[in-house]
Every structure is written in C-alpha cells, then in structure tokens.
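Have a look at the structure below before the remarks.
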Ligand SMILES: Cc1cc2nc3c(=O)[nH]c(=O)nc-3n(C[C@H](O)[C@H](O)[C@H](O)COP(=O)(O)OP(=O)(O)OC[C@H]3O[C@@H](n4cnc5c(N)ncnc54)[C@H](O)[C@@H]3O)c2cc1C
C-alpha cells in the first residue's frame with residue numbers, strides 16, 4: 001500500500017499554492033462578511049480567477065466546463081484552499097461540489113445549458129433551502145408545500161438556518177409536491193431565483209455571525225414547473241446524491257491542522273510548549289486530524305473509482321468533526337476560553353457536528369450499515 005502523492009500531484013499542489021498566494025495575497029485573513037456586497041464581489045472575483053485558470057470546476061466533465069480531473073486532484077484543491085479564515089470561494093464551493101453535479105445528473109438539457117456554464121465561469125451564487133423549523137435531521141418530514149397550478153407550482157411555507165441568502169441569486173429548494181405522501185416519496189426539488197415575488201428572507205442573529213443564517217418564507221410564490229430538478233415527487237434521490245457530495249466536499253482535517261499549528265506556535269510563544277498536559281492535548285488533536293485525513297482519503301478513493309456513496313462518508317465526516325472539537329479544546333487550554341479567536345476561529349469548530357447532518361444522525365447511519373441494526377425510528 002503506497003500513500004504517497006505522485007510527482008504530478010506534487011507539482012500540481014505547488015502550482016495551486018502559487019496561484020492562491022497570487023490571487024488572495026500571502027496574508028489573507030478571510031472576507032469581511034458584514035458588508036454583503038463587498039463580500040460577494042470579492043468571492044466572485046476570486047472564483048472567476050479560479051475559472052480562468054481551470055481550477056474552479058476542474059473535476060467536472062469537459063462537456064460541462066470541467067477538466068475531467070481525478071477525485072484526488074479535487075482533494076488536493078480542497079486541502080490547499082482550506083483556511084481557518086474561511087472559504088475564499090464564498091458559497092460557490094457548494095455550486096462546484098454538489099449543486100452542479102446534481103444538475104448534471106438530474107437536469108433537463110435546458111437546465112444544464114443554462115446553469116452549468118454559469119457555475120463553471122464562477123458567475124452565480126446559490127443558497128440551500130432544505131431545513132425547516134420541524135424538519136432538520138428528519139428532513140423527509142418537510143412541509144413547505146408546492147401545489148401545481150397550470151405551468152407553475154404555488155409554494156407556501158418556510159425554511160430555516162439557510163446560509164448565504166444575503167449573497168445568493170438562486171435557492172436549491174426542497175418542497176412537498178404530494179401532501180398525501182408524508183415522507184420522502186412526496187418531495188421535489190425546485191431551482192428558484194431569490195428575487196421571485198412571494199419570497200421574503202428574515203435574517204437570524206446568532207453565534208455564527210450576522211447574516212450567517214436566515215429564515216426564508218414563501219407566500220404563494222409561483223415557480224415554473226420547468227424549474228423542477230428531477231421528477232415530480234422524485235426529489236429525495238436528488239437530495240441523497242447531493243448530500244453525499246456535500247459531506248466531504250470540504251477538507252475539514254486541513255482547516256483543523258492549520259488551526260492546530262497556530263495553537264502550537266502560541267504554546268511555544270507562551271512557554272507552554274514543554275508542558276506535558278499541553279503536549280498530550282495537542283497530540284490528541286493531531287491524532288484525530290490524521291485519522292480524519294485517512295478516512296477522507298478512503299472516500300476520495302471510492303469516488304476516484306466511481307463507486308457509489310456509502311456509510312464511509314459518514315464515518316469520515318464524524319472524524320472531521322472530532323478533529324475540530326479537539327483542536328478547539330487544545331486552543332482553550334493554551335489560550336484560554338475563546339482561544340481560537342486568536343488563531344482564526346472557524347465557525348466549523350462550533351457547528352461542524354450539526355451542519356449537513358448532525359454527528360448523531362451520521363452515527364446512526366454508520367451503526368445501521370456496519371452493525372446490522374435496523375434503521376432508527378424517526379417521525380410519524
Ligand atoms: C453552520 C450551519 C449552516 C447551515 N446551513 C444550512 C443551509 O444552508 N440550508 C439548510 O437547509 N440548513 C442549514 N443548516 C441546518 C442544518 O442542516 C440542521 O441544523 C441540521 O440538519 C440539524 O437539524 P436541526 O437543527 O433541526 O436539529 P434536530 O434535527 O432537531 O436535532 C436536534 C438534536 O437531536 C438529535 N437527533 C435528531 N434526530 C436524531 C436521530 N435520529 N438519532 C440521534 N439523534 C438525533 C440531533 O443529533 C441533534 O443533536 C445549517 C446548520 C449549521 C449549523
């Protein structure tokens with residue numbers, strides 16, 4: 001078994017590093033997200049540069065504006081672009097990782113022709129409208145209703161914890177198109193412009209930063225049937241496909257490693273580097289990061305071989321969350337409470353165990369798959 005990168009991969013990583021330093025500057029410390037216009041413009045400019053260099057959608061097929069790059073190239077890109085100061089692509093990382101691939105797989109020729117070139121040029125921003133006040137982990141119980149009326153759906157309901165709405169032009173929206181089917185069978189996906197009449201966005205103040213979350217409300221919002229992605233009542237297959245890509249689309253272990261290196265430098269600067277308790281804590285965090293890295297690589301390997309998504313994705317994701325949490329503990333020990341603020345606090349340290357499926361739910365999936373247990377009972 002050989003875990004080394006090829007010479008080509010090493011060259012590619014060096015090239016990518018040089019590009020990132022040039023495009024972002026050596027001392028990039030994240031975007032100021034309080035100014036939504038400036039944030040959107042800066043992230044857009046960066047994505048367009050990535051697109052010009054062929055990096056933005058490199059893993060996509062050439063016919064859709066990609067380079068047919070291997071899953072390993074994407075993994076290297078995720079590692080290099082990972083920063084404790086944020087995601088330089090802004091919300092466009094979602095376009096590349098799962099919205100584009102879902103459109104490629106389930107879109108009509110018109111939808112592909114409209115959306116994919118815009119995504120691969122770095123010209124469009126999306127939000128993800130999945131969770132509802134009573135449908136988070138149990139997403140299949142969602143109630144936002146879409147009733148067919150001629151060539152339109154009329155949508156009424158609400159979403160919650162929706163990120164990126166302050167900068168998004170489109171929302172990837174899960175709706176219930178069959179009210180008699182209570183769970184996953186009656187769900188469809190609609191691709192909806194954010195300026196559609198009947199859509200009102202309420203911002204939610206919170207720990208993850210102003211404007212980080214919102215509560216979009218839909219009041220008799222009309223959406224053309226032509227904007228449905230995939231079959232009517234067949235949206236669950238689209239979501240499962242999209243989420244499998246989303247869960248390891250970010251190299252969480254690499255963010256955590258960057259933070260841990262900063263904590264170690266701080267420990268040395270404070271004369272704590274040789275404290276056995278500090279060493280044990282930092283060592284534990286390092287071990288968790290390495291374990292997460294190898295588990296992510298296992299999923300990358302499956303993807304490189306075109307194998308279907310599996311429970312391995314959940315195991316990797318849980319390991320990534322554990323790495324973040326142990327780094328946060330290490331930072332608390334070395335720098336005191338809120339210590340991560342000083343070394344580039346990422347909201348991932350706070351929220352990694354919740355977003356795109358909580359740790360508990362991922363562990364349910366792991367137990368069901370690997371320990372021959374029945375699926376847990378949820379909802380009605
Ligand atoms: C940073 C961040 C960004 C987000 N962005 C978006 C976004 O852009 N769009 C969007 O739609 N949503 C978004 N979310 C919402 C996220 O998807 C939900 O918070 C998540 O799915 C959990 O749902 P919930 O909050 O309703 O918690 P609940 O589902 O109510 O869960 C509450 C608790 O119960 C536990 N639990 C629930 N069911 C089970 C079970 N079967 N077995 C064991 N334990 C269980 C959970 O693990 C959790 O600890 C975001 C969340 C965060 C933190």
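The values are calculated or read from the model by the stated rules, or taken from the named source; none is laboratory data. Because the structure is predicted, anything quoted here is derived from the model rather than measured. Reconstructed Cβ throughout: ideal geometry from the backbone, glycine too, with neighbour counts over all protein chains shown.
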- Message: Scan the range 317-334 and tell me whether some residue there is surrounded by 19 or more Cβ atoms within 10 Å (Cβ to Cβ), at pLDDT below 85, under 20 Å from the mean Cα position of the chain (by Cα) and in a helix (DSSP H, G or I).
- Response: no
- Please specify each residue of the range 103-139 satisfying the condition of being farther than 24 Å from residue 42 by Cβ, more than 10 Å from the ligand (Cβ to nearest atom) and touching a strand residue (DSSP E or B) at 6+ places or on another chain (Cβ under 7 Å). 103, 106, 107, 111
- For residue 158: the one exception among (1) more than 22 Å from residue 56 (Cβ to Cβ); (2) touching a strand residue (DSSP E or B) at 6+ places or on another chain (Cβ under 6 Å); (3) away from the ligand (no atom under 16 Å from the Cβ): (3)
- Within the range 94-103, identify whether any single residue is assigned to a strand (DSSP E or B) and in contact (Cβ under 8 Å) with a residue 12 or more places away in the chain, and answer yes or no. no
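Listed here are the residues, each with its yes/no results for (1) in a helix (DSSP H, G or I); (2) out of contact with any helix residue (DSSP H, G or I) (no Cβ under 7 Å at 6 or more places or on another chain); (3) modelled with pLDDT of 85 or more; (4) farther than 12 Å from residue 87 by Cα.
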position	(1), (2), (3), (4)
13	yes, no, yes, yes
23	yes, no, yes, yes
31	no, no, yes, no
41	yes, yes, yes, yes
- Mind listing just one residue for me: the one in the range 140-163 that is buried (at least 22 other Cβ atoms within 10 Å of the Cβ) and not in a strand (DSSP E or B) and, of those, nearest to the chain's Cα centre (by Cα)? 159
- Message: Given (1) within 30 Å of residue 360 (Cα to Cα); (2) assigned to a strand (DSSP E or B); (3) touching a residue at least 60 places away in the same chain (Cβ under 8 Å), identify the lone condition not met by residue 137.
- Response: (2)
- Message: Quick test for you: out of 360, 341, pick the one residue that is assigned by TED's automatic domain parsing to the domain that holds residue 267, surrounded by fewer than 14 Cβ atoms within 10 Å (Cβ to Cβ), modelled with pLDDT under 75 and out of contact with any strand residue (DSSP E or B) (no Cβ under 7 Å at 6 or more places or on another chain).
- Response: 341
- Message: Take the conditions without any contact (Cβ under 8 Å) to a residue 60 or more places away in the chain, part of a helix (DSSP H, G or I), closer than 30 Å to residue 105 by Cα and more than 16 Å from the ligand (Cβ to nearest atom) and apply them to residue 254. Does it pass?
- Response: no
- Task: Assess whether residue 174 counts as being crowded, with 23+ Cβ neighbours inside 10 Å, more than 13 Å from the ligand (Cβ to nearest atom) and in contact (Cβ under 8 Å) with a residue 24 or more places away in the chain.
- Result: no
- What single numbered condition from (1) more than 24 Å from residue 90 (Cβ to Cβ); (2) away from the ligand (no atom under 14 Å from the Cβ); (3) in contact with a helix residue (DSSP H, G or I) (Cβ under 8 Å, 6 or more places away or on another chain) fails to hold for residue 191? (1)
